[in-house]
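The values are calculated or read from the model by the stated rules, or taken from the named source; none is laboratory data. Given the structure is predicted, the values throughout are model-derived calculations rather than measurements. Reconstructed Cβ throughout: ideal geometry from the backbone, glycine too, with neighbour counts over all protein chains shown. Areas reflect the complete protein model, heavy atoms only, side chains present, ligands, DNA and RNA absent. Shrake-Rupley method; radii C 1.70, N 1.55, O 1.52, S 1.80 Å.
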Amino acid sequence: MKGGRVWLPALLLAWTLAPVVWALVCSVKLPVDVFSLAVVPFLQFTPTLSHWREELVTRGPEIRAGLLHSAAAAAGSAVLAVALAAPAAYAVARLIGPKSRRRWWVWLVSQRFLPPVVLLAPYFLALKAAGLLDSVTGLILVHAAATAPFAAWPAASCSCGTSHDALGAFRLASWRRRETVSKLKVSAITGLL
């Protein structure tokens with residue numbers, strides 16, 4: 001490797017890690033030492049874990065509850081987004097012609113170009129009317145609505161990969177259309193995982 005190729009990743013790594021290191025160093029300083037120019041621990045300041053002890057012991061239950069809510073919101077929105085995306089992907093991949101399919105995908109993904117602040121008032125009013133303000137369920141619904149188009153895109157490629165022969169085989173096995181669609185949704189969802 002040439003010298004320039006080695007220095008650029010090293011510079012990018014230092015640029016990325018500098019704020020993390022600075023935050024960690026500040027977390028073991030006393031408030032007086034934070035604004036001084038002391039950088040080297042044990043030489044220019046005495047490290048302390050009092051801030052960490054206060055956060056983890058005193059506020060521990062509050063932090064655990066917040067982490068639990070975040071995990072529930074992330075898992076719930078991911079499951080709901082995939083559940084919404086699989087039938088939409090199947091419909092776009094199988095029931096719409098190739099020319100119209102492109103227009104559907106452009107429309108679906110173009111919704112992400114909409115500034116999120118434009119949706120703030122409608123989401124607020126809808127969640128307020130439903131009584132879901134400041135709830136994990138409301139957060140799940142908003143996040144699922146935002147991420148469903150991105151879950152639908154790869155699911156559609158899985159649905160397009162299902163051949164018409166497979167559809168015929170499903171129908172020959174005396175499955176009704178609803179059962180066929182549900183079986184294909186399962187295959188599209190497992191393709192996402």
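Reported count of residues in region 50-73, each being open to solvent by 60 Å² or more (accessible area, probe 1.4 Å) and in contact (Cβ under 8 Å) with a residue 40 or more places away in the chain, is 1. Each residue in region 45-67 was checked for being touching a Pro at 6+ places or on another chain (Cβ under 6 Å) and part of a helix (DSSP H, G or I), and 0 of them qualify. Applying the set (1) surrounded by 10 or more Cβ atoms within 10 Å (Cβ to Cβ); (2) under 30 Å from I140 (Cβ atoms) to P47 leaves exactly one unmet item: (2). Just one residue in the set A93, A129 is in contact (Cβ under 8 Å) with a residue 12 or more places away in the chain, out of contact with any strand residue (DSSP E or B) (no Cβ under 7 Å at 6 or more places or on another chain) and not basic (K, R); that residue is A93. Among the residues here, L80 does not qualify as of a type in the set (A, V, I, L, M) and either at positive phi or open to solvent by 100 Å² or more (accessible area, probe 1.4 Å) (or both). Of everything listed in (1) open to solvent by less than 90 Å² (accessible area, probe 1.4 Å); (2) at pLDDT 80 or above; (3) closer than 20 Å to L80 by Cα, the single unmet condition for V118 is (3).
Among the candidates S77, S110, S70, the residue that is in a helix (DSSP H, G or I), among the polar types (S, T, N, Q) and in contact with a His (Cβ under 8 Å, 6 or more places away or on another chain) is uniquely S77. For region 128-158, a residue qualifies if it is over 21 Å from L68 (Cβ atoms), open to solvent by less than 80 Å² (accessible area, probe 1.4 Å) and either in a helix (DSSP H, G or I) or charged (D, E, K, R) (or both), and the qualifying residues are A130, A145, A146, A148, P149, A151, A152, P154, A155, A156, S157, C158.
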